[in-house]
Amino acid sequence: MHLDTPAGHRLSPAKPGDRAHKAVDKHGRVYVNFAPAVSRDALKAMRQTIRGWHLQLKCDKSLADLSAMFNPILRGWHQYYGRFYESAMSAVWRHLNDYLTRWLMRKHKRRARHKTRARQALGRLAQKFPEAFWHWRLGCVPKAG
């Protein structure tokens, strides 16, 4: 049983690893309390949106171009869904980094068959230009090699 709010947040009963926890009120009564976070459906919709951008096909664009195109959307997602439970958005940020890695592999042909090296190169780009993408500012950057 769960409750999806119109705002895209999901409230569910406690399961291991969930955001629900027991709370005790001033009269000693135990009840289940919820931490508002982004719902699974909203996470899925954001990942589908990223997939629909076809980042890997935009190899004619520079990092600054991609940043200008997608940062307003990323910032809005973070401000809306990450307001109460910021770490719940980390799956979306990792997904975006995966697509940026694919973009880098197609943009620079010598990285085409080296996903790990491309991921490390993306990490170096994130260190060099930490303000390029909103999620990089938040610290969700790939490891630099």
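No lab work stands behind these numbers, since they all come straight from the coordinates. Not measured: the values here are computed from a predicted model. A quick note on method: Cβ atoms are made from the backbone with ideal geometry, for glycine too, and the neighbour counts reach across all protein chains shown.
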Practice problem: Would you kindly compute the Cα radius of gyration of the chain and its largest Cα-Cα separation (Dmax), both in Å? | Solution: 18.5, 66
Quiz prompt | Subset of Lys58/Lys107; Lys44/Lys107; Lys61/Lys109; Lys107/Lys143 violating a 18 Å alpha-carbon distance limit | solution = Lys44/Lys107; Lys107/Lys143
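What length, rounded to one decimal in nm, is gained on full extension from Ser62 through to Asn33, with 0.36 nm per residue of separation minus their alpha-carbon distance? Don't skip to the answer; put the middle values down first.
Working: separation 29, 0.36 × 29 = 10.44 nm, distance 4.57 nm.
Difference between extended and current length: 5.9 nm.
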Quiz item: What's the long-distance tail for segment 86-139, i.e. % of Cα pairs beyond 12 Å?
Solution: 65
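From the Cα gyration tensor of segment 55-124, with a ≥ b ≥ c the square roots of its eigenvalues, which class applies: rounded if a/c is under 1.5, or else prolate if a/b is larger than b/c, or else oblate? Intermediate values should be presented prior to the final figure.
On the way: a/c = 3.24, a/b = 1.74, b/c = 1.86.
The shape class here is oblate.
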Quiz prompt | DSSP-assigned coil residues among trypsin sites (Lys or Arg not before Pro) in segment 15-111, each with at most 11 further Cβ atoms within 10 Å | solution = Lys26, Arg29
Quiz prompt | Length-normalised contact order for segment 91-145 - Cα pairs under 8 Å, 6+ apart - percent | solution = 34
